[in-house]
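Let me begin by presenting the structure, written as structure tokens, before commenting on it.
The values are calculated or read from the model by the stated rules, or taken from the named source; none is laboratory data. Every value quoted in this text rests on a predicted model; they were computed, and no experiment measured them. As a convention, Cβ positions derive from the backbone with ideal geometry for all residues, glycine included, and neighbour counts pool all protein chains shown. Note: accessible area is taken over every heavy atom of the protein model, side chains too, but ligands, DNA and RNA are not part of it. Shrake-Rupley method; radii C 1.70, N 1.55, O 1.52, S 1.80 Å.
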Amino acid sequence: MANDLRELQNALLTKGGFDVVYVAQDEIVKPILVHNYLMNRFPKELGPEDRFLFYYTGHGDDLSGRTGYLLFSGAQKGNVDYEQTMPIHNCEDWSRRLPVKHALFVFDSCASGLGYQPKGG
């Protein structure tokens, strides 16, 4: 997995045209870290012509099939502990806060589809 992260980081910095790529993994990743970067740091650093990519791969869970949660290191399935879990729908707040031209959020985890309401029609 560490090789995959390095390869993705390298691809984004070279072929992808990104100037900066932050990588957080394992025990360092906590909901408070993600929240602080997305709600405080990135809105100050990014501008209206920037592109933003958020990619999460890891474990996920749901709350009785209604809400998807990201599970961070130490989280236990079925236990919504806000020090170890984060609702996927938080990305809606993040996207409103980021002053960027394009934002893409990718969640590769169980229950990630529960972060969004399906559109009718």
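For residue 23, only one of the following conditions fails: (1) surrounded by fewer than 15 Cβ atoms within 10 Å (Cβ to Cβ); (2) farther than 15 Å from residue 106 by Cα. What is its number?
Tallying (1) surrounded by fewer than 15 Cβ atoms within 10 Å (Cβ to Cβ); (2) farther than 15 Å from residue 106 by Cα, residue 23 fails exactly one: (2).
Given the structure, is residue 75 more than 13 Å from the chain's Cα centre (by Cα), surrounded by 15 or more Cβ atoms within 10 Å (Cβ to Cβ) and either modelled with pLDDT of 90 or more or not polar (S, T, N, Q) (or both)?
Taking the combined requirement at face value, the residue satisfies it.
Could you give every pair whose Cβ atoms fall below 8 Å, whose first residue belongs to the stretch 19-48 and is touching a residue at least 12 places away in the same chain (Cβ under 8 Å), and whose second residue is open to solvent by 90 Å² or more (accessible area, probe 1.4 Å) and in a loop (DSSP other than H, G, I, E, B), counting only separations of at least 6 or pairs across chains?
The qualifying pairs are 25/1; 30/83; 31/82; 31/83; 32/83; 37/22; 48/101.
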